[in-house]
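Chemist: Just dropping this structure here.
The values are calculated or read from the model by the stated rules, or taken from the named source; none is laboratory data. Everything numeric in this text was worked out from a predicted model, so none of it was measured. A quick note on method: Cβ atoms are made from the backbone with ideal geometry, for glycine too, and the neighbour counts reach across all protein chains shown. Note: areas computed on protein heavy atoms with side chains; ligands, DNA, RNA excluded. Shrake-Rupley method; radii C 1.70, N 1.55, O 1.52, S 1.80 Å.
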Amino acid sequence: MDSFLLSLILPFRRLWLVPESDGQVISRRRHEQELQIVSEDSSIKMPAEKRDVITAVYRTHEAIQSLDKKITMLNMDLVEAKNSPEMHSFDSYTPAIESSGKGSLPKKKMLMVIGINTAFSSRRRRDSVRETWMPRGEKLFQLEREKGIVVRFMIGHSATSNSILDRAIDSEDALHKDFLRLEHIEGYHELSAKTKSFFSTAVARWDADFYVKIDDDVHVNLGMLATTLAYHRSKPRVYIGCMKSGPVLSSKSVKYHEPEHWKFGEEGNKYFRHATGQIYAISKDLATYMAANEPILHKYANEDVSLGAWLIGLEVEHIDDRNMCCGTPPDCEWKAQAGNVCVASFDWSCSGICKSVERIKHVHEKCGEGNGAVWSALI
């Protein structure tokens, strides 16, 4: 009987458990009281052997829960340890020593790691970003050394090993050295999985205060972004972006259809508050949490909704910064002339800068902070 009851309990083990709540304590004490009552009540004929089996099974269940809690804490410690100088064997800002070895340096503390989401077909977009707001060549690595700002295009792999698409990215990376390759199969409907992969990869590779995701058709002022994040540096768990709450779309004929719309209540309901997907930042603790729990973070159809869902139940400060979602000229231009330079600019109607390859240079000329701003930013 012992083995039969244990077989019923073990399949329901959970890998990630929270500390025992007040309700669990009450339930355990009630169980103990019930066992005592049953054993003392002469009108209930329960064999002593059966009582012993039930008690043994319950104690085994408690031991399993305790073990799972310890496993959870060890997993969190493991992820954190990957960021410690003692456990890491490469320097994050010098490509020549990124592989492990006795002569390698520990990770340097960074302010932020920026992942620019891009696709195989977006070479012209990447070039337009390189020609405007993203430093190139030695300047890119100087930015890491002197200001603690890492900027990389993030991309996974094609479904076919060593395909022409992957080889093209390899060649582009050899030229510019500005890619972060992810263990992820590229696909438009896989953005949520790609986001998880980015945070896990970035946390393992760089020790930073913030991790930032940006689309490759958005204009960014790095100095303003650095200043904005530095202001929130002392806060333990922050989620920064332009917070929104759009409608949950149940119709399959629309672009942002939500297959799991029923989870959000009645038709016509809105999503919980979350940052729009063009640009957002999360602090180190949150990125570490995602890295540790990546396999069990549920993916919704829309990447920005997924991120909001992963954070909605945590003790997180949501910071709605409208300077991270300015419009393109004349909007960001007027703000810059008034001394309120935008962090990021794009067109809401296109979920990015409309025709960004042709227009991002114009946006940069009208709304850019100046080439020296990031180097003089007080961070």
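Chemist: Which residue, of LEU297, LEU311, LEU286, is among the hydrophobic types (A, V, I, L, M, F, W, C) and out of contact with any strand residue (DSSP E or B) (no Cβ under 9 Å at 6 or more places or on another chain)?
Modeler: Working: LEU311 fails: out of contact with any strand residue (DSSP E or B) (no Cβ under 9 Å at 6 or more places or on another chain); LEU286 fails: out of contact with any strand residue (DSSP E or B) (no Cβ under 9 Å at 6 or more places or on another chain).
Only one candidate qualifies: LEU297.
Chemist: Going through segment 285-313 one residue at a time, which ones are surrounded by fewer than 19 Cβ atoms within 10 Å (Cβ to Cβ) and of a type in the set (Asp, Glu)?
Modeler: ASP285, GLU294 - these are the residues of segment 285-313 that are surrounded by fewer than 19 Cβ atoms within 10 Å (Cβ to Cβ) and of a type in the set (Asp, Glu).
Chemist: Something else: Name the single residue that is surrounded by the fewest Cβ atoms within 10 Å (Cβ to Cβ) among those in segment 233-247 being outside any strand (DSSP E or B) and among the small types (Gly, Ala, Ser). Quick ask: steps written out before the conclusion?
Modeler: Going residue by residue through segment 233-247, those that are outside any strand (DSSP E or B) are 233-237, 245-246.
If we keep only those that are among the small types (Gly, Ala, Ser) too, we end up with 234, 245-246.
On the way: SER234: 8, SER245: 12, GLY246: 14.
The selected residue is SER234.
Chemist: For segment 340-362, enumerate the residues that are in a helix (DSSP H, G or I), over 19 Å from ASP127 (Cβ atoms) and either basic (Lys, Arg) or in contact with a His (Cβ under 7 Å, 6 or more places away or on another chain) (or both).
Modeler: Correct list: empty.
Chemist: Right, another one. If I ask for residues that are touching a residue at least 24 places away in the same chain (Cβ under 8 Å), in a helix (DSSP H, G or I) and either open to solvent by 20 Å² or more (accessible area, probe 1.4 Å) or of a type in the set (S, T, N, Q) (or both), which ones from segment 142-159 would you list?
Modeler: Correct list: ARG145, GLU146, LYS147.
Chemist: Oh, and also: Sort out which residues of segment 201-232 are open to solvent by 10 Å² or more (accessible area, probe 1.4 Å), closer than 21 Å to HIS274 by Cα and in a strand (DSSP E or B), and write them in order of number.
Modeler: ASP209, ASP215, listed by residue number.
Chemist: Output the residues belonging to segment 310-324 that are touching a residue at least 24 places away in the same chain (Cβ under 8 Å) and either of a type outside the set (A, V, I, L, M) or touching a Phe, Trp or Tyr at 6+ places or on another chain (Cβ under 6 Å) (or both). I'd like the intermediate steps shown before the answer.
Modeler: Step one: list which residues in segment 310-324 are touching a residue at least 24 places away in the same chain (Cβ under 8 Å), which gives 311-312, 314-324.
Residues satisfying the conditions are LEU311, ILE312, GLU315, VAL316, GLU317, HIS318, ASP320, ASP321, ARG322, ASN323.
Chemist: Scan segment 168-189 residue by residue and report those that are modelled with pLDDT under 95 and either surrounded by fewer than 16 Cβ atoms within 10 Å (Cβ to Cβ) or over 23 Å from VAL113 (Cα atoms) (or both).
Modeler: We begin by selecting, within segment 168-189, every residue modelled with pLDDT under 95; these are 183-189.
Listed by number, the residues that qualify are GLU183, ILE185, GLY187, TYR188, HIS189.
Chemist: Find the residue count for segment 131-141, including only residues that are assigned to a loop (DSSP other than H, G, I, E, B) and either of a type in the set (Phe, Trp, Tyr) or open to solvent by less than 60 Å² (accessible area, probe 1.4 Å) (or both).
Modeler: The number of residues fulfilling the criteria is 5.
Chemist: With the requirement that a residue be free of Cβ contacts under 8 Å to residues at least 60 places away in the same chain and of a type in the set (Gly, Ala, Ser), what does segment 160-196 give you?
Modeler: If the condition is that a residue be free of Cβ contacts under 8 Å to residues at least 60 places away in the same chain and of a type in the set (Gly, Ala, Ser), then SER161, SER163, ALA168, SER171, ALA174, GLY187 are the ones that fit.
Chemist: Another question, then. Out of the residues in segment 267-284 that are in a loop (DSSP other than H, G, I, E, B) and modelled with pLDDT of 75 or more, state the one that is least open to solvent (accessible area, probe 1.4 Å).
Modeler: Filtering segment 267-284 down to residues in a loop (DSSP other than H, G, I, E, B) leaves 267-269, 271-273.
Adding the requirement that they be modelled with pLDDT of 75 or more leaves 267, 269, 271-273.
Numbers: GLU267: 162, ASN269: 59, TYR271: 17, PHE272: 51, ARG273: 139 Å².
In this case the residue turns out to be TYR271.
Chemist: Please verify whether segment 317-338 includes one or more residues that are small (Gly, Ala, Ser), surrounded by fewer than 19 Cβ atoms within 10 Å (Cβ to Cβ) and at positive phi.
Modeler: Looking through segment 317-338, none of the residues is small (Gly, Ala, Ser), surrounded by fewer than 19 Cβ atoms within 10 Å (Cβ to Cβ) and at positive phi.
Chemist: Pairs only if they're at least six apart or on different chains, beta carbon under 9 angstrom, first in segment 350-363 and on the phi < 0 side of the Ramachandran plot, second of a type in the set (Asp, Glu) and part of a helix (DSSP H, G or I); list them, first residue then second.
Modeler: From segment 350-363, the pairs are VAL357/ASP127; VAL363/GLU333.
Chemist: Then there's this: Return the only residue of ALA281, ALA291 being closer than 15 Å to TYR211 by Cα and out of contact with any strand residue (DSSP E or B) (no Cβ under 8 Å at 6 or more places or on another chain). So that I can check it myself, show each step before the final result.
Modeler: Details: ALA281 fails: out of contact with any strand residue (DSSP E or B) (no Cβ under 8 Å at 6 or more places or on another chain).
Answer to the selection: ALA291.
Chemist: Can you find a residue in segment 248-260 that is in a strand (DSSP E or B) and more than 29 Å from HIS362 (Cα to Cα)?
Modeler: Let us first name the residues in segment 248-260 that are in a strand (DSSP E or B), namely none.
No: zero hits.
Chemist: So GLU260 fits all but one of (1) open to solvent by 50 Å² or more (accessible area, probe 1.4 Å); (2) out of contact with any Gly (no Cβ under 7 Å at 6 or more places or on another chain); what number is the exception?
Modeler: (1)
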